[in-house]
Amino acid sequence: MINRDSGSGTQLIPVPAFSDNYIWLLCKDGHAVVVDPGEAAPIEKLLAQHKLTLDAILLTHHHPDHVGGVKALKAATNATVYGPLGETLPACDIRLKEDDNITLDNFNLELSILDIPGHTAGHIAYFGYLDSGKPVVFCGDTLFAAGCGRLFEGTPAQMLNSLGKLKVLPLDTLVCCAHEYTLANLRWALQVEPGNPALQQRWKSAQQLRSEGRPTLPSTIGLELETNPFCRPLQESVSDAAAAYAGVPLTSAVAVFASLREWKNNF
């Protein structure tokens, strides 16, 4: 539920789109920012319903289910569109790369940019601190709850390096990824680590949330470090399982990651 009262602080809302996408909506004092609007209609409805002014659109990568609503929202609101430097986008006012920063004045929010290629060649993430003091990262299709994105344009080494940049963020960082893939990812993760108690508990919690029609997101960096095999390729239980799947010894984190990605692709 969106609260327009001043002083209520920034609200962070996952807006469902398509079959399993989330468009992340930030709203505060009648202003809004959206991340990866694959379609315009759900956002247009909320803007009208709650009389919100759309200040900015943040894009993480070029895939249609993340940018399909950009032109319509830009035309309707004249919001500033931010996006990755190296990707072809339907609209973009300000191009961003690692170590750039943007400031969203109406949210008192500064976001720093990380280059996180792997899923696509130019994928970026936005990291900052909400006015509550809570750290947040918008990571598109790179890091998922108990998973990671497929390697459409990058290599295992690139994706492992990109995940490494996210893993070192504060443990309580809210992980705002763009798909409700959590149950499918957890089913696979439990095959990798059936004896992981944190993973078993997360499976129960996620099932409960989905049974109630609630999102399993945002996650946190700390939770991913406990339960996401892709974030822990050097954990013995993970590397042993990946080697067993590959049928050969795996001598590096990249080799373990590549085996895990292949396993998940075919799961």
**Item:** Yes/no for residue 91 being hydrophobic (A, V, I, L, M, F, W, C) and touching an Asp or Glu at 6+ places or on another chain (Cβ under 6 Å)
**Value:** no
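Test residue 162 against the criterion of being among the polar types (S, T, N, Q), touching a residue at least 40 places away in the same chain (Cβ under 8 Å) and either surrounded by fewer than 18 Cβ atoms within 10 Å (Cβ to Cβ) or in a strand (DSSP E or B) (or both), and give yes or no. If you could, list the steps in order and put the result at the bottom.
Values: among the polar types (S, T, N, Q): yes; touching a residue at least 40 places away in the same chain (Cβ under 8 Å): yes; either surrounded by fewer than 18 Cβ atoms within 10 Å (Cβ to Cβ) or in a strand (DSSP E or B) (or both): no.
No: the conditions fail for residue 162.
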**Request:** Identify all residues within region 1-35 that are outside any strand (DSSP E or B), more than 20 Å from residue 82 (Cβ to Cβ) and within 21 Å of the chain's Cα centre (by Cα); write none if there are none.
**Result:** 18, 19, 20
**Prompt:** What are the pairs, 6+ residues apart or on separate chains, where a residue within region 16-32 that is of a type in the set (Ser, Thr, Tyr) has its Cβ under 6 Å from a residue that is surrounded by 13 or more Cβ atoms within 10 Å (Cβ to Cβ)?
**Reply:** 22/14; 22/178
**Qualifying positions in region 95-109 - under 18 Å from the mean Cα position of the chain (by Cα) and surrounded by fewer than 17 Cβ atoms within 10 Å (Cβ to Cβ)** = 97, 98
**Asked** Looking only at residues in region 64-112 that are among the polar types (S, T, N, Q) and at positive phi, which one is modelled with the lowest pLDDT?
**Response** 108
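If a residue must be within 13 Å of the chain's Cα centre (by Cα) and either within 17 Å of residue 258 (Cβ to Cβ) or of a type outside the set (A, V, I, L, M) (or both), how many such residues does region 168-205 contain? Full working, then the answer.
From region 168-205, those within 13 Å of the chain's Cα centre (by Cα) are 173-182; that's our starting set.
Imposing the further condition that a residue be either within 17 Å of residue 258 (Cβ to Cβ) or of a type outside the set (A, V, I, L, M) (or both) reduces the set to 173, 176-177, 179-182.
Of the residues in that region, 7 qualify.
Tell me which residues, restricted to region 66-85, are buried (at least 17 other Cβ atoms within 10 Å of the Cβ), under 19 Å from the mean Cα position of the chain (by Cα) and free of Cβ contacts under 8 Å to residues at least 60 places away in the same chain. So that I can check it myself, show each step before the final result.
Initially, region 66-85 is screened for residues buried (at least 17 other Cβ atoms within 10 Å of the Cβ), giving 66-70, 72-74, 77, 79-84.
With under 19 Å from the mean Cα position of the chain (by Cα) added as a condition, the list becomes 66-70, 81-84.
Result: 67, 68, 69, 70, 81, 82, 83, 84.
With the structure loaded, tell me whether residue 115 is crowded, with 20+ Cβ neighbours inside 10 Å, within 28 Å of residue 39 (Cβ to Cβ) and acidic (Asp, Glu) or whether it fails that test.
Values: crowded, with 20+ Cβ neighbours inside 10 Å: yes; within 28 Å of residue 39 (Cβ to Cβ): yes; acidic (Asp, Glu): yes.
Here the answer is yes, as residue 115 does meet what is asked.
Conditions (1) without any contact (Cβ under 8 Å) to a residue 60 or more places away in the chain; (2) in contact with a helix residue (DSSP H, G or I) (Cβ under 7 Å, 6 or more places away or on another chain); (3) assigned to a loop (DSSP other than H, G, I, E, B), marked per residue:
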{"site": "213", "(1), (2), (3)": "yes, no, yes"}
{"site": "224", "(1), (2), (3)": "no, yes, no"}
{"site": "244", "(1), (2), (3)": "yes, no, no"}
{"site": "248", "(1), (2), (3)": "yes, no, yes"}
{"site": "254", "(1), (2), (3)": "no, yes, no"}
{"site": "258", "(1), (2), (3)": "no, yes, no"}
{"site": "261", "(1), (2), (3)": "no, yes, no"}
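Of the residues 128, 38, which is buried (at least 17 other Cβ atoms within 10 Å of the Cβ), at pLDDT 95 or above and in a loop (DSSP other than H, G, I, E, B)? Spell out the reasoning first.
Working: 128 fails: in a loop (DSSP other than H, G, I, E, B).
Of the residues listed, the single one that is buried (at least 17 other Cβ atoms within 10 Å of the Cβ), at pLDDT 95 or above and in a loop (DSSP other than H, G, I, E, B) is 38.
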**Prompt:** Which residue pairs have Cβ atoms under 8 Å apart, sit 6 or more places apart or on different chains, and have a first residue in region 135-154 that is at positive phi and a second that is of a type outside the set (A, V, I, L, M) and in a loop (DSSP other than H, G, I, E, B)?
**Reply:** 140/36; 140/60; 140/61; 140/119; 140/123; 140/149; 146/228
**Asked** When region 224-235 is examined, which residues are found to be surrounded by fewer than 20 Cβ atoms within 10 Å (Cβ to Cβ) and either under 18 Å from the mean Cα position of the chain (by Cα) or more than 25 Å from residue 266 (Cα to Cα) (or both)?
**Response** 225, 226
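The values are calculated or read from the model by the stated rules, or taken from the named source; none is laboratory data. Bear in mind that the values here come from a model prediction, so they are computed numbers and not experimental data. Neighbour counts run over all protein chains shown; Cβ positions are idealised from the backbone, glycine included.
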